[in-house]
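Scroll down for the structure; my scribbles are underneath it.
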Amino acid sequence: MTEDVNPKAYPLADPTLTAKIMNLLQQALNYKQLRKGANEATKTLNRSLSEFIVMAADAEPLEILLHLPLLCEDKNVPYVFVRSKQALGRACGVSRPIVACSVTVNEGSQLKSQIITIQQEIEKLLV
């Protein structure tokens, strides 16, 4: 884990926050509150369905998902980078690497409190 991460991948989640995010993504998958891939994440943002966005800092080239932080800031949606697209793919329940995913809004979801906690932790990183 000592390899250099692209400095454009900001904010980068620390290992404990990464673990919490991965755990929440697995639960969101079970509740059908997860959209996988940069295109799907972009759609959820444009439709104002996104709770927060998770992106992989090791995407090659990283520029393929640098439109997402801009959209997130426009829409006031928290976003965060994790180190590994492979780990992100596993957390999203697929065997392929995933460069971005979006946790979507669902009124009355059991995950609401966890989502809010993670949103607050992500916002602390952005300050």
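The values are calculated or read from the model by the stated rules, or taken from the named source; none is laboratory data. Everything numeric here is computed off the predicted structure, so don't read it as measured data. Reconstructed Cβ throughout: ideal geometry from the backbone, glycine too, with neighbour counts over all protein chains shown.
Residues in segment 90-122 that are out of contact with any Cys (no Cβ under 9 Å at 6 or more places or on another chain) and closer than 15 Å to M55 by Cα: R90, R96, P97, V99, A100, S102, V103, T104, I118, Q119, I122.
Checking each residue in segment 44-60 for being part of a strand (DSSP E or B) and not polar (S, T, N, Q) picks out E51, F52, I53, V54, M55, A56.
Scanning segment 1-22 for residues that are without any contact (Cβ under 8 Å) to a residue 60 or more places away in the chain and either within 20 Å of T117 (Cβ to Cβ) or surrounded by 14 or more Cβ atoms within 10 Å (Cβ to Cβ) (or both) yields N6, D14, P15, T16, A19.
Every residue in segment 76-95 that is outside any loop (DSSP other than H, G, I, E, B) and either basic (K, R) or crowded, with 22+ Cβ neighbours inside 10 Å (or both), please. Outline the logic, then answer.
Keep residues of segment 76-95 that are outside any loop (DSSP other than H, G, I, E, B), which gives 79-82, 85-91.
Hits for segment 76-95 are Y79, V80, F81, V82, K85, L88, R90, A91.
When segment 66-107 is examined, which residues are found to be among the charged types (D, E, K, R) and over 17 Å from L17 (Cα atoms)?
Initial filter on segment 66-107 (among the charged types (D, E, K, R)): 73-75, 83, 85, 90, 96, 107.
E73, D74, K75, R96, E107, listed by residue number.
Scanning segment 106-127 for residues that are free of Cβ contacts under 8 Å to residues at least 60 places away in the same chain and either among the aliphatic types (A, V, I, L, M) or assigned to a loop (DSSP other than H, G, I, E, B) (or both) yields E107, G108, I116, V127.
Take the residues in segment 23-75 that are of a type in the set (G, A, S) and closer than 25 Å to S113 by Cβ, then tell me which one is surrounded by the fewest Cβ atoms within 10 Å (Cβ to Cβ).
Filtering segment 23-75 down to residues of a type in the set (G, A, S) leaves 28, 37-38, 41, 48, 50, 56-57, 59.
With the extra rule that they be closer than 25 Å to S113 by Cβ, the set shrinks to 28, 41, 48, 50.
Details: A28: 25, A41: 29, S48: 10, S50: 25.
So, considering only residues that are of a type in the set (G, A, S) and closer than 25 Å to S113 by Cβ, the one surrounded by the fewest Cβ atoms within 10 Å (Cβ to Cβ) is S48.
Out of curiosity, is E63 farther than 21 Å from L17 by Cα, modelled with pLDDT under 95, of a type in the set (D, E, K, R) and in a helix (DSSP H, G or I)? Taking the combined requirement at face value, the residue satisfies it.
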